[in-house]
Amino acid sequence: MKIFFDTEFTGLHQNTTLISIGLISEDGRTFYAELNDYDNEQIDDWLQENVIDNLIYNEWNDLRIKTPVWGTNDYVVKDNKKLVSELLESWLKQWDEVEIWSDCLSYDWVLFNQLFSHAFNIPKNIYYIPFDICTLFKIKGVDPDINREEFAGIDGDKHNALHDAKVIKTCYEKLITL
């Protein structure tokens, strides 16, 4: 199963911390989590306006959601890194084999691995090599710097991790048909 994901985090630097993560499977199942233990001191005006303000639960900092959405295989979570990693691992167990895709995934993949404390601790069903749609754009002869939302034909809250994961999925689906 291909899983498309994105993260939002506190900056493009070595000590960045995870703010949110969104994943969507090929068949449309979703996982969305907002962390309540990111380093708030790293939030600048741009992050506040473009990331924090696009969080679903940003006004309820103490809200703790630990559940699949009732009657579905979709998860919505707001909690600390430990619980988010446990629930993400549970969600990923739906599939025997998982291939991870993202966009400009350098920070995303490191933060994904940090959720499980180490790359060697990621769930065993996850293929250890992630794939990047930037490379797929290049291989298909499309400028990798193209506006992803325009290419996908999707509007919405850019810099929300689940929205961005859906855009990545749609870009992938369009690219493989070129």
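The values are calculated or read from the model by the stated rules, or taken from the named source; none is laboratory data. The shown structure was predicted, so the numbers you read here are calculated from the model rather than taken from an experiment. Cβ sites come from the backbone with ideal geometry, for glycine too, and all protein chains shown count toward neighbours. What goes into the accessible areas is simple: the full protein's heavy atoms, side chains included, and nothing from ligands, DNA or RNA. Shrake-Rupley method; radii C 1.70, N 1.55, O 1.52, S 1.80 Å.
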Across segment 97-118, the tally of residues that are over 17 Å from Thr16 (Cα atoms) and free of Cβ contacts under 8 Å to residues at least 40 places away in the same chain stands at 0
Within segment 18-60, residues in contact (Cβ under 8 Å) with a residue 60 or more places away in the chain, in contact with an Asp or Glu (Cβ under 7 Å, 6 or more places away or on another chain) and of a type outside the set (A, V, I, L, M, F, W, C) come out as Ser20, Gly22, Arg29, Thr30, Asn54
Flagged in segment 40-53 as assigned to a helix (DSSP H, G or I), open to solvent by less than 40 Å² (accessible area, probe 1.4 Å) and within 17 Å of Ala165 (Cβ to Cβ), in numbering order, are none
Asp37 fails exactly one of (1) closer than 17 Å to Lys78 by Cβ; (2) surrounded by 18 or more Cβ atoms within 10 Å (Cβ to Cβ), namely (2)
Selection from segment 86-118 of residues open to solvent by 10 Å² or more (accessible area, probe 1.4 Å) and closer than 16 Å to Ile168 by Cα yields Glu99, Trp101, Asp103, Cys104, Leu105, Ser106, Tyr107, Trp109
How many residues of segment 119-133 are surrounded by 19 or more Cβ atoms within 10 Å (Cβ to Cβ) and of a type outside the set (Val, Ile, Thr)? The answer is 1
Is at least one residue of segment 137-151 in contact with a Phe, Trp or Tyr (Cβ under 7 Å, 6 or more places away or on another chain), closer than 19 Å to Lys2 by Cα, in contact (Cβ under 8 Å) with a residue 24 or more places away in the chain and open to solvent by less than 80 Å² (accessible area, probe 1.4 Å)? no
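hydroxyl-bearing (Ser, Thr, Tyr), in contact with a strand residue (DSSP E or B) (Cβ under 6 Å, 6 or more places away or on another chain) and within 13 Å of Ile21 (Cα to Cα): does that describe Tyr75?
For Tyr75, the condition - hydroxyl-bearing (Ser, Thr, Tyr), in contact with a strand residue (DSSP E or B) (Cβ under 6 Å, 6 or more places away or on another chain) and within 13 Å of Ile21 (Cα to Cα) - is met.
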Note: among Lys124, Lys169, Lys174, just one is more than 24 Å from Asn50 (Cα to Cα), assigned to a helix (DSSP H, G or I) and at pLDDT 95 or above, namely Lys174
Exception for Asp155 within (1) over 28 Å from Leu87 (Cα atoms); (2) touching a strand residue (DSSP E or B) at 6+ places or on another chain (Cβ under 9 Å); (3) modelled with pLDDT under 95 falls at (2)
